[in-house]
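Peer 1: Structure in structure tokens, see below.
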Amino acid sequence: MEFDRALLESASDDGFITTMRFFHFRPAALTIGRFQDLAEIDLHACREHGIEVARRPTGGKAILHLDDFTYSMVLPAQAGLPENTLEAYAILSRGIILALQSLGLNAAITIDGNRGYKEAGGACFAATTGADLKYEGRKICGSAQLRRHGALLQHGSILLKDHSQLLFKLLRFQDSMSRELARERYESAYLPLNASGLDVSWQDIALAFQQGFSEAFNIQWGQAPASADDILGQIDDIKRGGLASLEALNIGERLDHKG
């Protein structure tokens, strides 16, 4: 998460190229939203299960990163995205929708944003917002944004397998009944990818995302740094256009071509 924060802080500088990263967590981790109350997390349970805890720079609630696919995008102001958050989500979702279609899922943007958000407890995938994608009425991809000086960071995750039993051991509730009811709502609200009937790997999803964004915005992928350490160590190169996960693009200008 610090890599993305560092990239976002650099994205307002001249010459920054839109950057996209795909990653997973080793060891498993629980990330919480920018404004989420830490009191919703049972830190003792996290330690007992060997789960690290980190706060995301973007919003939302707790996500257990275990058998999941997480992406991040950092775009400069020159990318041409609208200032309205939901409109920006809708534009970037085009790449994700095409990625999921290539895997065999016809996902759609959530139209009942913020439904069940307060009742969801600490779990992110139990609630839906206008930033989320659904498949057959259940949340399959959740995303969140943060802006700085006109630049934008978007995080998102797709859960490949169901680990709700473990997740709800890591969250605090008033009593066991409240915990069980919240877990049932969670399991009915979201869909892990393997429960959709697909048998795909993390690498399959990464390739689908690459193809989906290329098709949605007519872009070419550039050379990425070899490791996370390289990302931080070569931010100056990214500013100069020497390294990036995506070639420079102006998403706003490309809307006329992709409808």
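The values are calculated or read from the model by the stated rules, or taken from the named source; none is laboratory data. Note that the coordinates shown come from a computational prediction; the quantities given were computed from them, not determined experimentally. Neighbour counts run over all protein chains shown; Cβ positions are idealised from the backbone, glycine included.
Peer 1: Filter the stretch 22-42 down to the residues that are in a loop (DSSP other than H, G, I, E, B) and either hydrophobic (A, V, I, L, M, F, W, C) or surrounded by fewer than 17 Cβ atoms within 10 Å (Cβ to Cβ) (or both) and list them by number.
Peer 2: Hits for the stretch 22-42 are 24, 25, 26, 27, 28, 34, 35, 37.
Peer 1: Can you name every one of the strands (runs of 3 or more DSSP E) wholly within the stretch 44-84 that holds 3 or more residues which are free of Cβ contacts under 8 Å to residues at least 60 places away in the same chain?
Peer 2: Counting at least 3 such residues, we get 52-55.
Peer 1: With respect to residue 45, is the statement that it is at pLDDT below 95, touching a helix residue (DSSP H, G or I) at 6+ places or on another chain (Cβ under 7 Å), buried (at least 16 other Cβ atoms within 10 Å of the Cβ) and farther than 23 Å from residue 205 by Cα true?
Peer 2: For residue 45, the condition - at pLDDT below 95, touching a helix residue (DSSP H, G or I) at 6+ places or on another chain (Cβ under 7 Å), buried (at least 16 other Cβ atoms within 10 Å of the Cβ) and farther than 23 Å from residue 205 by Cα - is not met.
Peer 1: Output the number of residues of the stretch 161-180 satisfying the condition of being aliphatic (A, V, I, L, M) and outside any helix (DSSP H, G or I). Full working, then the answer.
Peer 2: First, the residues of the stretch 161-180 that are aliphatic (A, V, I, L, M): 166-167, 170-171, 177.
Imposing the further condition that a residue be outside any helix (DSSP H, G or I) reduces the set to 170-171.
Within the stretch 161-180, residues that are aliphatic (A, V, I, L, M) and outside any helix (DSSP H, G or I) number 2.
Peer 1: Something else: Residues being in a strand (DSSP E or B) and either more than 28 Å from residue 68 (Cβ to Cβ) or hydroxyl-bearing (Ser, Thr, Tyr) (or both): count how many of those fall in the stretch 11-21.
Peer 2: Matching residues across the stretch 11-21 total 1.
Peer 1: With respect to residue 62, determine if the residue is of a type in the set (Gly, Ala, Ser), buried (at least 22 other Cβ atoms within 10 Å of the Cβ) and under 21 Å from residue 220 (Cα atoms).
Peer 2: Details: of a type in the set (Gly, Ala, Ser): yes; buried (at least 22 other Cβ atoms within 10 Å of the Cβ): yes; under 21 Å from residue 220 (Cα atoms): no.
Answer is no for this residue.
Peer 1: Among the listed residues 15, 80, 60, identify the single one that is at pLDDT below 95 and under 25 Å from residue 128 (Cα atoms).
Peer 2: 60
Peer 1: If you take the residues in the stretch 181-209 that are assigned to a helix (DSSP H, G or I) and without any contact (Cβ under 8 Å) to a residue 12 or more places away in the chain, which one is surrounded by the fewest Cβ atoms within 10 Å (Cβ to Cβ)?
Peer 2: First, the residues of the stretch 181-209 that are assigned to a helix (DSSP H, G or I): 181-189, 193-196, 202-209.
From what's left, without any contact (Cβ under 8 Å) to a residue 12 or more places away in the chain: 181, 184, 203, 207.
Values: 181: 14, 184: 13, 203: 10, 207: 16.
The residue in question is 203.
Peer 1: Among the residues of the stretch 153-171, is there at least one that is over 12 Å from the mean Cα position of the chain (by Cα) and closer than 20 Å to residue 91 by Cα? Break it down into steps so the answer makes sense when it comes.
Peer 2: So in the stretch 153-171, the residues over 12 Å from the mean Cα position of the chain (by Cα) come out as 160-171.
Those left that are additionally closer than 20 Å to residue 91 by Cα: none.
No, every residue in the stretch 153-171 fails to be over 12 Å from the mean Cα position of the chain (by Cα) and closer than 20 Å to residue 91 by Cα.
Peer 1: While we're here: Kindly check whether there is at least one residue in the stretch 5-21 that is buried (at least 19 other Cβ atoms within 10 Å of the Cβ) and free of Cβ contacts under 8 Å to residues at least 40 places away in the same chain.
Peer 2: Taking every residue of the stretch 5-21 in turn, none turns out to be buried (at least 19 other Cβ atoms within 10 Å of the Cβ) and free of Cβ contacts under 8 Å to residues at least 40 places away in the same chain.
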